[in-house]
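Engineer: The structure that follows is given in the form of structure tokens.
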């Protein structure tokens, strides 16, 4: 067995792992660092994969940020792809790694666990057949494109109506494929406000997408070249299937080793990315994150968060003293010309967490009413009744991204609706009405305080 020694070993690359390695090297260029990555890719933009399928991104290769060779050259860390860490001895600071027939014993002084997460795939009979897919890495996107180009499917079922499911449905529809989304809950996109969801749902259905709610796929079989999705009530048939029902942290090999984990297997970390085991850090989709508003450990696996957590872990490993203030669950997506975005808590979540919360729902346009191309916006703003502190907001419509970010900035500063209504937001007819929807919402909210 080959033996190796490093100052810092990082299990997993992509967002958190590569950010940790680069940050640690910036903090101390003399550190000897290695990344062991199970996949053949070290750094890619997973959020761009649906847009590879739609053609908005030119190829699967385009989302690859750095190859192992360029990462080593530019960042200074040794990179081992197609290497799986299958055992960890925390007491003796030793990892056991395999790649094909080769095995290694690797010792470390500091360890970062950034193993990410994998799609949850139930034990469907058809899994492994040509035409049923997940979407997690560039190979998945390439396989889906190859199938579309060679088989010309006319119909597709997307199981799961979360962000990846909706974005993949949009991408498939761009190829002229008829789409059905089957979702177990009574709504799409996770913790979406009911008024916002109704608008988003109506828009998607108007584009010819069939939505099936409160329905779980019990099994999927393939007969005579067609997939059949079996549910309690009906059987749905299609030429191809995408399974997108969520992800699970890649931490099974660490169970029973003394690491504190959440119920779903996510590794619990503090604001310095430290675990409960000395000299062991964790970051990215395999770890929890602090929620800025509730101060609770939550699991919100996002590439943006992974990059920040990785950077902080790397800085602290190399002698720094940085902290992560947490997330507020900011998310944005679209289906063709209809956009959806959220930040902070929904009204229901705020009430469940003990806030004396209230909300306002506002309709407006994205530009001055007389200016061409103005798009409709529906907004819901959530706030504390006594203090006016902003707790969350959701938008659906067009040109909503800057409006959401304004609210997010205020949340991080414990901003109030009174502050928002008096903010000097930039105005010009091509960009907003005189009274932007954020200002209108804050003004109406003041009436409920």
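The values are calculated or read from the model by the stated rules, or taken from the named source; none is laboratory data. If you're wondering where the values come from, they're calculated on a predicted model, not measured in any experiment. Ideal geometry is used to build each Cβ from the backbone, glycine not excepted, and the neighbour counts take in all protein chains shown.
Engineer: Would segment 42-52 turn up any residue that is out of contact with any strand residue (DSSP E or B) (no Cβ under 8 Å at 6 or more places or on another chain), under 30 Å from residue 145 (Cα atoms) and free of Cβ contacts under 8 Å to residues at least 40 places away in the same chain?
Structural biologist: Narrowing segment 42-52 to residues out of contact with any strand residue (DSSP E or B) (no Cβ under 8 Å at 6 or more places or on another chain): 46-52.
So of that shortlist, the ones also under 30 Å from residue 145 (Cα atoms) come out as 46-52.
Add one more test, that the residue is free of Cβ contacts under 8 Å to residues at least 40 places away in the same chain, and what stays is 48.
Yes - at least one qualifying residue is present in segment 42-52.
Engineer: Out of all the residues in segment 22-32, is one or more closer than 21 Å to residue 286 by Cα and within 19 Å of the chain's Cα centre (by Cα)?
Structural biologist: Narrowing segment 22-32 to residues closer than 21 Å to residue 286 by Cα: 22-24.
Next, from what is left, pick out any that are within 19 Å of the chain's Cα centre (by Cα): none.
No, the conditions are met nowhere in segment 22-32.
Engineer: Still on this structure: Scan the helices (runs of 4 or more DSSP H) fully inside segment 123-212 and keep the ones with 2 or more residues being in contact with a helix residue (DSSP H, G or I) (Cβ under 9 Å, 6 or more places away or on another chain), within 30 Å of residue 42 (Cα to Cα) and not assigned by TED's automatic domain parsing to the domain that holds residue 52. Break it down stepwise before answering.
Structural biologist: On the way: elements: 138-151, 163-173, 194-206.
The helices (runs of 4 or more DSSP H) meeting that bar are 138-151, 163-173.
Engineer: Still on this structure, I have one more. Looking for something under 27 Å from residue 65 (Cβ atoms), at pLDDT 95 or above, in a strand (DSSP E or B) and in contact with a helix residue (DSSP H, G or I) (Cβ under 9 Å, 6 or more places away or on another chain) - is there at least one such residue anywhere in segment 297-309?
Structural biologist: No - not one qualifying residue is present in segment 297-309.
Engineer: For segment 136-175, what are the residues that are over 21 Å from the mean Cα position of the chain (by Cα) and crowded, with 22+ Cβ neighbours inside 10 Å? Write out each step before concluding.
Structural biologist: Step one: of segment 136-175, the residues over 21 Å from the mean Cα position of the chain (by Cα) are 143, 145-157, 173-175.
Selection gives 156, 157.
Engineer: Filtering segment 288-299 down to residues that are free of Cβ contacts under 8 Å to residues at least 40 places away in the same chain, surrounded by 17 or more Cβ atoms within 10 Å (Cβ to Cβ) and under 12 Å from residue 328 (Cβ atoms), which residue is nearest to the chain's Cα centre (by Cα)?
Structural biologist: 289
Engineer: Looking only at segment 107-141, count how many residues are farther than 13 Å from residue 221 by Cβ and without any contact (Cβ under 8 Å) to a residue 40 or more places away in the chain.
Structural biologist: 1
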